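All remarks here apply to the structure that follows.
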Amino acid sequence: MAGLLIADTATRAAMKHLRQMMVGGEALTEALALQLQQIVAGQVHNMYGPQKPPFGRQLIR
């Protein structure tokens, strides 16, 4: 889903204003994480994985 969000120009522009983005339900590849870091002004959190705790599994930035 995150890949689809960044594919849309208007959505991509709006994502620049995010303070937090939590990505779950899909594997967060290194390539996608790098793209999100360039787009999202705030922090990107990886929520994907077998141990999905409530506030994030891994802090990306």
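The values are calculated or read from the model by the stated rules, or taken from the named source; none is laboratory data. This is a predicted model, so every value here is computed, not measured. Keep in mind that these areas ignore ligands, DNA and RNA; they rest on the heavy atoms of the full protein, side chains included. Shrake-Rupley method; radii C 1.70, N 1.55, O 1.52, S 1.80 Å.
Stokes-Einstein D for segment 1-52 at 37 °C, 0.692 mPa s, Kirkwood Rh over Cα pairs, in µm²/s? The Stokes-Einstein estimate is 295 µm²/s.
Accessible area per residue (1.4 Å probe, heavy atoms of protein chains only) ranks THR29, THR9 as THR9, THR29, with the largest value leading.
Extension gain, ASP8 to GLN43: 0.36 nm times the residue separation minus the Cα-Cα distance gives 10.6 nm. The slack in the chain from LEU34 to LYS16, taken as 0.36 nm per residue of separation less the alpha-carbon distance, amounts to 5.1 nm.
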